[in-house]
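The structure under discussion appears below in the form of structure tokens.
All of the numbers you see were taken from the coordinates with simple rules; none came from a lab. All values reported here derive from a predicted model rather than from experimental measurement. With ideal geometry, Cβ positions are generated from the backbone for all residues, glycine too; neighbour counts draw on all protein chains shown.
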Amino acid sequence: VSGAGAGARVGGRAGADGPCPPGLAELRGRREELSGRIREEEAERARLQGQLWTLTERLARTSESLARDLAARAELDRTIAETEAAYGKV
């Protein structure tokens, strides 16, 4: 693209009249700004999804451990109750 008004053309395209219509450069600037925000939000979303996966895995491990500990405590409570009952009969 060369000649007068070539700087106003984007991507080598222009209408049949030559340079871009007034306001088009502003719209393209706003679009580029929005595209930048979209890229930032996509990166933040990916970061948060990674954290969510990590926390989900951690929650699952903690829940499994808690279930084992609760079962062990219940077994100890039964053993203590049986032992106390046996000593009470002596």
Please turn the phi angles of segment 42-58 into ³J(HN,Hα) values with the Karplus equation 6.51 cos²θ - 1.76 cosθ + 1.60 (θ = phi - 60°), one per residue in order, whole Hz, x for glycine and proline. 5, 5, 5, 4, 4, 4, 5, 5, x, 5, 4, 4, 4, 5, 5, 5, 4
What would the Debye formula give as log10 I(q)/I(0) at q = 0.18, 0.20 Å⁻¹ for the alpha-carbon point model of segment 17-90, no solvent? -0.86, -0.92
Based on the Cβ-Cβ distance of GLU33 and LEU55, what FRET efficiency does E = 1/(1 + (r/R0)^6) give at R0 = 41 Å, to the nearest 0.05? 0.80
Under a plain spin-label model, where a point goes 7 Å from the Cα along Cα-to-Cβ, how far apart in nm are ALA86 and ARG45? 6.3 nm
